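Student: Quick one: the structure is below, and I'll ask about it shortly.
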Amino acid sequence: MGIKSLMNTKQDILRSNLQILIDHPVTKGDQCESAWIEFFRGFLPNKYAIDKGFIFDSKGNISEQIDIIIYDALYTPLVFCTNSGEKICYS
């Protein structure tokens, strides 16, 4: 089994997960985000964390909610975590 075959398998799994989503706009969006987050978690090294949430900078500016954030888990401080699992990261 070559690398192309392995990547095709990952692609097929993601496509399958996305095709079975519930047809409600908000629920579908949340499920789609979760499918992508799980895909990236299974693909990227553990050095990187994948979550949804907000990012703020040294000037106190804060972003709108971001559906998928990929950040260096070793060097990006998490300032706050909400009950719904959203992270607030410093950049």
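The values are calculated or read from the model by the stated rules, or taken from the named source; none is laboratory data. Keep in mind that what you see is a predicted model, and the values were worked out from it rather than measured. Cβ coordinates were reconstructed from backbone atoms using ideal geometry, including for glycine residues, and neighbour counts include every protein chain displayed.
Student: Checking the structure you have, find out if any residue of segment 20-31 is modelled with pLDDT of 80 or more, among the hydroxyl-bearing types (Ser, Thr, Tyr) and either surrounded by 10 or more Cβ atoms within 10 Å (Cβ to Cβ) or not in a helix (DSSP H, G or I) (or both).
Tutor: no
Student: Name the residue that is surrounded by the most Cβ atoms within 10 Å (Cβ to Cβ), counting only residues in segment 63-91 that are modelled with pLDDT of 85 or more and more than 17 Å from Tyr48 (Cβ to Cβ).
Tutor: Residue satisfying both the conditions and the ranking: Ser63.
Student: Moving to a separate point now. Please work out which residue is modelled with the lowest pLDDT, limiting yourself to segment 9-18 and to residues that are closer than 10 Å to Ala35 by Cβ and of a type in the set (S, T, N, Q).
Tutor: Applying the filter and picking the extreme gives Asn17.
Student: Under 8 Å between Cβ atoms, at least 6 apart or on separate chains: pull out the pairs that start in segment 1-18 with a residue that is closer than 16 Å to Arg41 by Cα and in the same structural domain as Phe39 (by TED's automatic domain parsing) and end on any residue that is of a type in the set (D, E, K, R) and surrounded by 11 or more Cβ atoms within 10 Å (Cβ to Cβ).
Tutor: Final answer for the pair search is Asn17/Glu38.
Student: Would you point out the residue of segment 40-59, among those that are in a strand (DSSP E or B) and of a type in the set (A, V, I, L, M), that is farthest from the chain's Cα centre (by Cα)?
Tutor: Going through the qualifying residues, I end up with Ile55.
Student: Hey, another quick one. Could you give me the residue pairs with C-beta distances under 7 Å whose first residue belongs to segment 52-81 and is over 21 Å from Phe40 (Cβ atoms), whose second residue is exposed (fewer than 14 other Cβ atoms within 10 Å of the Cβ) and aliphatic (A, V, I, L, M) wherever it lies, and which are 6+ apart or on separate chains?
Tutor: Matching pairs, first to second residue: Phe56/Ile62.
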